[in-house]
Amino acid sequence: MRLLYLLLITGLLLDACVKEAKISTDAAPGLSVVNCLFTPDSVWTVYLARTKALKDTTSSWVSNAVVEISADGQLVERLELASPGRYIGKTKPSIGVEYTLRVAAPGLPEVTGKDKIPSPVRLMDATARYKQSSEAHCSPSCTDMGVQFADPPRVSNYYEIEVYRYYKPFG
C-alpha cells in the first residue's frame, strides 16, 4: 500500500513540473553584431555578423559592408574583407589615440563606436610556482601564478592576462 501512495505522489509531483511555453521563431530584427578588440601590436581586425531568426539556416556573417577606422575626424583606413565576416586593415592602432569605428552594411543600421588604447601599466612582479598536487582540478601538477601591476586610480581600463603552457610528451 505504501508503494501505491509513493507512486501516486511521485506522479503528481512530476506532472506539476511540466509547463508548455511558446517561443516565437519569426524573423528577428536585423541588427549588426560587431566585434573589434584592438591592440597596438596587431593590425585592425573587425568581425561582423547579423542577428537572424531561430530557424534561419543561412550564414550570419556579413560580407558586403563598409568598415572604416578614423581618428580626429580623419579617415585612417577602410578595412578589406579577408574572409566571410572578417575585415582586416593594414595599420596598427596607437596608444592614447581615440579611434572611431564605423560599420555600414545594406539592410542593417549603421553602427559606430569610439575607444582608445590606454597607456601601459607598470608590471611590478610576476611569479610562477610549479607544484605537485593530488587535488582533482589540477592533478598531477599545478602552477600557482601571481601578477602585480600598478593600476592607476580613476582610469577606466581593463586587463587581460594570457597564459600559455608548453607541453612536451615523453617518448
All lysines inside 16 Å of Lys116 as judged from Cα atoms, apart from same-chain residues fewer than 8 positions distant: Lys92
Under 22 Å from Lys168, Cα to Cα: lysines that are on another chain or at least 8 residues apart: Lys131
At a Cα cut-off below 19 Å, give the lysines reachable from Lys52, other chains included and same-chain residues fewer than 8 away excluded. Lys22
Return the percentage of antiparallel bridges among DSSP beta bridges fully within the range 36-145, rounded to the nearest 5 %. 95 percent
Full extension between Ser94 and Lys55 adds, at 0.36 nm per residue less the Cα distance, a length in nm of 9.8 nm
What does the charge add up to near Pro120, with Lys and Arg as +1, Asp and Glu as -1, over the other residues with Cβ less than 14 Å from its Cβ? -1
Could you work out how much longer the chain between Ile23 and Glu77 gets when fully extended? Use 0.36 nm per residue separation minus the Cα distance between them, nm to one decimal. 15.2 nm
FRET efficiency (Ile117, Met145; Cβ distance; R0 30 Å; to 0.05) is 0.75
Ordering Arg165, Arg122 by the accessible surface of their heavy atoms, 1.4 Å probe, largest first, yields Arg165, Arg122
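The values are calculated or read from the model by the stated rules, or taken from the named source; none is laboratory data. Everything numeric here is computed off the predicted structure, so don't read it as measured data. Backbone-built Cβ (ideal geometry, glycine too); neighbour counts: all protein chains shown. Note: areas computed on protein heavy atoms with side chains; ligands, DNA, RNA excluded. Shrake-Rupley method; radii C 1.70, N 1.55, O 1.52, S 1.80 Å.
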